Number of protein chains: 2
Amino acid sequence: MPPIPSSLHVLHPRLSHYLKPNFVSLSYFSISPRKFPLSRQLIPINPRTLFSVASALSPTENGSGGGGGRSGALAGPPVLENVMQKIDVNPPKGTRDFPPEEMRLRNWLFHNFREVSQLFGFEEVDYPVLESEALFIRKAGEEIRDQLYCFDDRGNRRVALRPELTPSLARLVIQKGKSLSLPLKWFAIGQCWRYERMTRGRRREHYQWNMDIIGVPEVTAEAELISSIVTFFKRIGISASDVGFKVNSRKVLQEILRSYSISENLFAKVCVIIDKIEKIPVDEIKKELKSVGMSQEAVDELLEVLSIKSLSKLEGRIQHVAGRLLVFSYFYAKHSQGILWHMVTVECLTRATEILGGSGEAVADLKQLFSLAEKFGYSEWIQFDASVVRGLAYYTGIVFEGFDRAGKLRAICGGGRYDRLLSTFGGDDLPACGFGFGDAVIIELLKDKGILPELSPQVENIVCALDHDLQGAAATVAIILREKGQTVDLVLESKPLKWVFKRAVRINAQRLILVGNTEWKKGMVSVKILASGEQSEIKLDELE
Amino acid sequence: MPPIPSSLHVLHPRLSHYLKPNFVSLSYFSISPRKFPLSRQLIPINPRTLFSVASALSPTENGSGGGGGRSGALAGPPVLENVMQKIDVNPPKGTRDFPPEEMRLRNWLFHNFREVSQLFGFEEVDYPVLESEALFIRKAGEEIRDQLYCFDDRGNRRVALRPELTPSLARLVIQKGKSLSLPLKWFAIGQCWRYERMTRGRRREHYQWNMDIIGVPEVTAEAELISSIVTFFKRIGISASDVGFKVNSRKVLQEILRSYSISENLFAKVCVIIDKIEKIPVDEIKKELKSVGMSQEAVDELLEVLSIKSLSKLEGRIQHVAGRLLVFSYFYAKHSQGILWHMVTVECLTRATEILGGSGEAVADLKQLFSLAEKFGYSEWIQFDASVVRGLAYYTGIVFEGFDRAGKLRAICGGGRYDRLLSTFGGDDLPACGFGFGDAVIIELLKDKGILPELSPQVENIVCALDHDLQGAAATVAIILREKGQTVDLVLESKPLKWVFKRAVRINAQRLILVGNTEWKKGMVSVKILASGEQSEIKLDELE
C-alpha cells in the first residue's frame, strides 16, 4: 500500500481507511496543521460515510479488545489486510515447550546431572548447537548422520544442528591442543537434534548429558564414567534392580570379525548393523550383514558369538578361533614347499597370535572393569554382553549401555572408548572415552516406577497492598525481603483478598504479607504464616 | 569400493589393501577357516609384495600413531581414500565454544539471572530454539527479521532458529489459554540467533535472559521488571553510576505522530527507524522517515520531539500540539457552514481530546513509573528519554533500555509493554510486558570496569593411589567421599607425585588424599591439607 497522502490524515489517520472507497487519490482538504493555510475548495463527500466514521471514532471503540493489526503496535478498528489467521500454537513437530511444570522437571534432572559431574571433579563445557555439517559426516551408515538437520546458511556454509556432542568435543580438544592439561574431565548438557520419523515417544530434539575423559588409556576411565552414572541413578531413586549396564569391548568383535574376513574398513559399518539387533528383525540384520560382504556362515557364526553373555565363554570362543588358525599353520608348515608356503605359515601364526593378543587385551580390559566395579561398589549393576556394540562408528574399545531390566524402554544411556576419533578430524589421537545420557528415556522410567518427583512452584512470600495507594509501599516491602534473600511474589494489582489467598496456595507461599494503611502508618506490616494461620504485626526493619 | 571377496582376507584382512594391485578380482587361495577345504591350485604371487605385507603387519606398526581412517574405528595403516584433511577446528563463524573457563563465566551469569528471577517470584520456562518461521515474520522492517537463520526442514516446513524469545512466549500463552492463572511471571534464558554481518564484538548467537509479566495492565509490572534488572546489576557489582535506564512510552510518540499524519499502519515501522538514531547518521534516519511518507517538516518536528529529555517539557509539547487542534476547531466552528463543517469541527475537538487523553495517559504512566521507582529504590537509575522506542514492532506502551553511562557500548538490555502481541498471532490479547537482557554487552561492561569475576575450577579433594595395584582402593576412597557430598578428582593412572601436586593446584583442591600400601593395610589413608601442608593419617570410616 503506498503511503496515504498526508492531507487525508489531517482529521484523523484512521479516516483514511473509511474514506478511501470514496476518496481514493483525491485530496479531501489539504491543511497543514502547522501553517493553518485556509480551506481550499473541497470535494463533496457522502455524509453517510462521514457518519460512519464518526461512530467508528467514538472513544469506546478504542479499548483493548479490538486490535488485530499485524504490526501489533496500536489499538483501533482492525485493518482487514492485517488480520492474521491464528498461528499454529504448537511447537514445531517433534519439539517441546517447557512451561513451568516441565521446566521444573528439566531443571531437577539437569541439577542432578551437574551435581554428579561435579562430585566426580568434571568441568562443564558447551559448544554451538549449530556446527559445520562436515563434523558429523562419517562413512559408516550410522542412523545419526542420515537424520541430520542440515541446511545452507545465508553465507552458503553447510551447517547442521548437532545430533550429538562428541564431535564438537573432539574439535575443541584439537583446537586447544597442547594448552590443555590432560587428563580432561569434561561434562556437558546440550540439546541435540535428529530429524527422524516420528513414532511414539520419539522426538526430534533431546537434551543429552555427556561426560568425557580425554587422556587416560586405562580402563579406570570407563570404570569412573560408569560409577558416575550409577551415582546419578542412586540419587534419583533408581536401583540395580531397575537398571543395569551391558558391557562389551569392540576389540573382541574386531578380532572375531577378522577371522571371518571382514575388512577393517567395514568394521564400523558392521558395528552399526549389529547395534540394530533387538531393534529390527534378525532377518533384516542378516541381510544387511550379507550386503556388506559377509558370507552366510560368517553371519551365523557372528550372531552366535554375539549371543555370548559370559566372559569365560568368550575366552573359550577366542581360543577356539585362534586354535583353528594354529591348525592351519601346522598344516601349512607340514606341507610347505619353498618360501611362499613358509610365509603363509608365518602369517597364520602371526594372525593367531594377534587374535589371541588383541582379544586377550580386550578380555583383560573387561576383567579389569569388572574388578574395578567391585571397588567402586557397582558390581551388581554390570554384566558382559557380546551383542552390545553401540551405534556410533567411532568407538574402539569398551562400550557400555544402560538398560531397564523390565525391558520396556530403549537404551537409557550409552558410551565407550573412542581412541581414534581425533585423527579422523586430522588431529593427533588421544585416548578418550565418554557417554551420552538423554533426557527422555530416564523420565519414562521414573514415570513407570511412579517416582517422578512432584515439583511445585516455591515462592516464600506473597506481598500485597490492601489499598491501591499502597502499591508503592508493598514494593518497598518486597524489596526489603528480597535484599534479605527471600523470594517474593508481589501482587501488582488491586485484588480481593480471596484471590490473593488462592494465589498464595498456588505458589506454595509460606507467608502472606499484607500492607494496610493502619499498620503502614506505624511502619509495620501484617504477616500471616499460611501453614498455621498465625498472624502478627511486624516492624519493617525487623522483617526477615 | 565393492566388497572384497572373503577369500582374499583369510590371511589377514589388511592384505587386501596390499595385494589388490596384483590380485584384483583373483582368488588368492580360497580356504574357509571352518571347513578346512585344502589348498586349491594357487595363482603365483609376487614374493616382494608378500614381503612388504609381512613388514606392514609387524606389531610395532599397529600402534596408536598411524590411524587416519574416516570410520575412526580401528588402528592400522592409513587407507588413503579415508584420510581426512584437518577440519576447521573453530566453531562456525559468529558462534562460540564454551571451554571450562568460559563456561564458568556463563554459569555464573546465568546463576545470577536465575537467582534474581526467583527472588521476584518468577517461574522458569523455555521453548524450542527452532520455531516455525511464521512466528517471527512481522511487517515492520525490523532488523531482527531480516537476519533470520531460516531454512526448510526435511519435511519442507519453513523453520527458523529463534532470534528472540517473546514470540514463542506468546505462542505458548495462546496455546495454554484459560488453563493459565494470571498474572504469569515467567523468565527464560535461551540462545537466540541472528545472521548479521560480523563486526567487532557482534556474534550470530547470544543467550538472552527474559522476564515477562502477562496479565497486568498496570505500570507496576514495568516497575517490577526494572527493579529486577537493578537487583541483578547490584548483585554483580554494577551501580547507578555505571548504568542507567532510559524510559519512554510509545503512546507519546503515537499521539505526536498522529498529529503529523503518520498512518497507524506505519507506526511500528517508524519506531523501528527511530530506534536507529545514534546507530546510523541522522541524515539516513531522515531519508528513511521520508521514504515511509513523512513530510520534511514532520520529520524535523519529530526529531525535535525525540530530543526531549524531561517529562514536563514533553507535557508542554503535547499541550502545544493539542492546542493547535483546538485553534483549528475554533476556526472551523466560527466558519462552519452546515453539517459537514460542523462535523469537521467536532472531529478536531475529538482529536485534540484524544491526543491530550492518549498522551495524558502516557505521561501518567511514566509519572507513576517514576513514583514507583522511588518506592523500589531505583530513582537514580532511570531517566525519561523521548528518543527511546526500541527496535521491535510489537511494543505498545512504556519502553525502556539499559545503557552504560560511559556511552561506549550498545544497549545492555531493553523491554517494554506489548499489549497487542497475542492478537497478531490470532489469540486474545492480554496485557503484557517484558525485557530481554543479552549475555554479551554485560560481560564487556564488567571487563571494562575490571570486575569480571575470577572463577577457578573448584574440586575439594584429589585422590591418588601410590601404587598401581591400589587404583581400586583409591576408587573406594573416592566413592566414600562422594557419598558424603565431597567433590573428588580421582587420579586414574599411575603418576609421579609431582604431577599430582601440580594437578591439585590447577583444580584448587583443598586436600590431597594418598592411598599407600602401609596405611591401606591399616584401613587408613594419608590426608594432606594443601593450604597448610598439614598431613595426617585418617581411618577410612572417619573420612568426612
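The values are calculated or read from the model by the stated rules, or taken from the named source; none is laboratory data. Keep in mind that what you see is a predicted model, and the values were worked out from it rather than measured. Please note: Cβ atoms are built from the backbone with ideal geometry, for glycine as well, and neighbour counts cover all protein chains shown. Just the protein is used for accessible areas: all its heavy atoms, side chains included, with ligands, DNA and RNA removed. Shrake-Rupley method; radii C 1.70, N 1.55, O 1.52, S 1.80 Å.
Of note:
- Förster radius 60 Å - calculated FRET efficiency between B:ARG114 and B:ALA333 (Cβ-Cβ, nearest 0.05): 0.45
- Other-chain or far-sequence residues with amide H under 5 Å of B:TYR207's (modelled H): B:CYS192, B:ASP439
- Once the Cα-Cα distance is subtracted from the 0.36 nm per residue extended length, the A:GLU542 to A:ARG235 segment shows a gain of 106.6 nm.
- Close amide H partners of A:GLY414, meaning residues 5 or more places away or on another chain with modelled amide H under 5 Å apart, are A:GLY402, A:GLY436.
- Rounded to whole numbers, the Karplus 3J(HN,Hα) couplings from phi for the range A:312-328 are 5, 4, 4, 4, x, 5, 5, 4, 4, 5, 5, x, 4, 5, 5, 4, 3 Hz, using 6.51 cos²θ - 1.76 cosθ + 1.60 with θ = phi - 60°, and x at Gly and Pro.
- Per-atom-type breakdown for the range B:371-528 gives carbon and sulfur 49% of the accessible area (1.4 Å probe, protein chains only).
- Evaluated with a Cβ-only charge set (Lys, Arg +1; Asp, Glu -1), the range A:492-544 carries a dipole of roughly 360 debye about its Cα centre, given to the nearest 20.
- Surrounding net charge for A:ILE256, when Lys and Arg each add one and Asp and Glu each subtract one, Cβ distance under 9 Å: 0
- Quarter the surface of the alpha carbon convex hull of the range B:461-542 and you get the mean projected area, 4.8 square nanometres.
- Rounded D (µm²/s) - the range A:198-266, Kirkwood Rh over Cα pairs, Stokes-Einstein at 25 °C, 0.890 mPa s: 155 µm²/s
- The B and A chains share an interface that buries close to 15500 Å² of accessible area, total over both sides, probe 1.4 Å.
- Furthest towards positive pole of dipole, A:ASN461, A:GLY533, A:THR476, structure part the range A:424-544, Cβ charges: A:GLY533
- Global form of the range B:396-544, assessed from the alpha-carbon gyration tensor, a/c cut-off 1.5: prolate
- The mean count of C-beta atoms from other chains within 10 Å of the C-beta of residues in A:95-105, rounded to a whole number, is 6.
- Normalised Debye scattering of the range B:248-322 at q = 0.21, 0.24 Å⁻¹ gives log10 I(q)/I(0) of -0.94, -1.22, counting only Cα atoms as equal scatterers and leaving out solvent.
- Accessible area of A:MET524 (1.4 Å probe, protein heavy atoms only, ligands and nucleic acids ignored): about 40 Å².
- The string of couplings for the range A:152-169 from the Karplus curve (6.51, -1.76, 1.60, θ = phi - 60°) is 8, 7, 5, x, 6, 8, 7, 10, 8, 6, 4, x, 7, 9, 4, x, 5, 4 Hz, one whole number per residue in order, with x for Gly and Pro.
- Within straight-line cross-link reach of A:LYS495, lysines at Cα separation under 22 Å, skipping those fewer than 8 residues along the same chain: A:LYS521, A:LYS528, B:LYS178, B:LYS185, B:LYS375
- When only alpha carbons are used to place a centre, the range A:363-377 and the range B:488-544 end up 23 Å from one another.
- Alpha-carbon Rg with Dmax, taken over the range B:133-279, Å: 18.0, 53
- Cα-based shape type of the range A:375-473, given that a ≥ b ≥ c are square roots of the gyration tensor eigenvalues and the cut on a/c is 1.5: prolate
- Alpha-carbon centroid distance for the pair the range A:131-156 / the range A:308-333, whole angstrom: 41 Å
- Cβ-derived FRET efficiency at R0 25 Å, B:ASP283 paired with B:GLN319, nearest 0.05: 0.20
- For B:ASP126, distant residues with modelled amide H under 5 Å away: A:PHE98
- The range A:245-313, accessible surface, carbon-and-sulfur percent (1.4 angstrom probe): 53 percent
- Protein-protein interface of the range A:125-157, residues with accessible area decrease of at least 40 Å², isolated chain reference, 1.4 Å probe: A:ASP126, A:PRO128, A:VAL129, A:LEU130, A:LYS139, A:TYR149, A:PHE151, A:ARG154, A:ARG157
- Once the 1.4 Å probe is applied to the protein heavy atoms, the range A:419-544 comes out at 45 Å² accessible per residue.
- Anisotropy class of the range A:170-224 from Cα gyration tensor, a/c 1.5 cut: prolate
- Take each residue of peptide A:167-173, count the partner chain Cβ atoms within 10 Å of its Cβ, and average: the result is 3.
- Counting, for every residue in A:417-424, the Cβ atoms of other protein chains within 10 Å of its Cβ and taking the mean gives 6.
- All aspartates and glutamates inside 16 Å of B:LYS86 as judged from Cα atoms, apart from same-chain residues fewer than 8 positions distant: A:GLU131, A:GLU133, A:ASP428, A:ASP429
- 3J(HN,Hα) along the range B:225-236, derived from phi through the Karplus expression 6.51 cos²θ - 1.76 cosθ + 1.60 where θ = phi - 60°, amounts to 4, 5, 4, 5, 5, 4, 4, 4, 4, 4, 4, 9 Hz, with x in place of Gly and Pro.
- Per-peptide average of other Cβ atoms within 10 Å, ordering A:202-214, B:503-515 highest first: A:202-214, B:503-515
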